[in-house]
1. Is at least one residue of segment 158-174 closer than 27 Å to GLN78 by Cα and not assigned by TED's automatic domain parsing to the domain that holds ASP24?
2. Which pairs turn up if I take residues in segment 76-92 that are assigned by TED's automatic domain parsing to the domain that holds ALA117 and look for partners that are of a type in the set (D, E, K, R) with beta carbon separation below 8 Å, at least 6 apart in sequence or on another chain?
3. For residues in segment 177-209 being farther than 30 Å from LEU102 by Cα and in a strand (DSSP E or B), which is modelled with the lowest pLDDT?
4. For the list (1) surrounded by 18 or more Cβ atoms within 10 Å (Cβ to Cβ); (2) closer than 30 Å to ALA110 by Cβ; (3) of a type outside the set (Val, Ile, Thr), I need the number of the one condition that PHE41 fails.
5. Return the residues of segment 3-29 that are hydroxyl-bearing (Ser, Thr, Tyr) and closer than 11 Å to LEU134 by Cα; say none if nothing qualifies.
6. Right, LEU51: farther than 28 Å from VAL189 by Cα and not in a helix (DSSP H, G or I) or not?
7. Identify the residue in segment 58-109 that is among the hydroxyl-bearing types (Ser, Thr, Tyr) and in a strand (DSSP E or B) and, among all such residues, is surrounded by the fewest Cβ atoms within 10 Å (Cβ to Cβ).
8. GLY26 - would you say it is in contact with a strand residue (DSSP E or B) (Cβ under 8 Å, 6 or more places away or on another chain), loosely packed, with under 13 Cβ neighbours inside 10 Å and touching a residue at least 12 places away in the same chain (Cβ under 8 Å)?
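The values are calculated or read from the model by the stated rules, or taken from the named source; none is laboratory data. Everything numeric in this text was worked out from a predicted model, so none of it was measured. Glycine also receives a Cβ, built like all others from the backbone with ideal geometry; neighbour counts cover every protein chain displayed.
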Amino acid sequence: MSVAEEQITKLFKTRRTVMQMLRDRGYSVDDSDINMTRQQFVDKFGENVYLKRDDLLIRSSKGDAPTDQIYVFFPADQKVGVPMVRNCAKQMKNDNVFNAILVVQKVLTAPAKQAVAEMNSSFFHMEVFEEAELLCNITEHMFVPEHTVLKDEEKKDLLKKFRVKETQLPRILVSDPVAKYYGMKRGQVVRITRQSATADTYETYRYAV
């Protein structure tokens with residue numbers, strides 16, 4: 001397999017995981033995007049898509065809140081710096097899209113990381129994933145139990161039921177791969193459903209920090 005073919009395969013797998021991730025977060029995603037084959041991917045985006053990653057731009061909205069939208073950017077630059085982060089931020093602001101995922105080929109430069117941090121201190125929020133993190137869907141791994149991020153009302157009911165404060169729950173880091181997949185933010189609670197040795201299921205909860 002040539003280098004170009006390997007790059008196309010990586011992008012195909014990365015995009016598929018992104019689509020699954022968006023759907024798992026509640027965004028509207030067509031089945032055709034989830035089930036797309038590698039050949040269909042090439043037919044749609046071309047043999048040179050590995051050089052023109054910008055063509056993979058995704059914009060999606062949540063089914064229950066059409067105004068809640070997200071962009072997914074695939075910068076063509078191997079090393080993403082401040083100008084690219086600012087260009088993405090500008091597009092988000094112009095289109096009133098407050099959330100974004102930046103899929104980069106390599107780790108961001110230090111100034112670019114700072115630019116993302118500054119952006120995230122405002123009304124806009126940008127997450128950064130490296131392509132290598134998205135080559136497979138971590139939630140489909142046999143050793144990863146089912147995770148469900150609770151809505152605010154569900155979290156409130158949970159704390160009331162067990163008469164605990166959120167900070168008394170076991171913790172999960174927002175940098176944890178599964179928490180990152182679901183886009184968890186500090187303060188959110190996730191329900192983890194595991195299979196017991198008796199084939200029954202049991203639930204535990206984690207507080208994102």
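1. yes
2. If the second residue must be of a type in the set (D, E, K, R), the pairs left are ALA76/LYS52; ALA76/ARG53; ALA76/ASP54; GLN78/LYS106; LYS79/LYS106; VAL80/LYS106; MET84/ASP77.
3. For segment 177-209, the residue satisfying everything is GLN195.
4. The single condition PHE41 does not satisfy is (2).
5. Hits for segment 3-29 are THR14, THR17.
6. So LEU51 passes the test.
7. Let us first name the residues in segment 58-109 that are among the hydroxyl-bearing types (Ser, Thr, Tyr), namely 60-61, 67, 71, 109.
Now narrow it down to the ones that are in a strand (DSSP E or B): 60-61, 67, 71.
Values: SER60: 23, SER61: 15, THR67: 9, TYR71: 19.
For segment 58-109, the residue satisfying everything is THR67.
8. Numbers: in contact with a strand residue (DSSP E or B) (Cβ under 8 Å, 6 or more places away or on another chain): yes; loosely packed, with under 13 Cβ neighbours inside 10 Å: no; touching a residue at least 12 places away in the same chain (Cβ under 8 Å): yes.
No.
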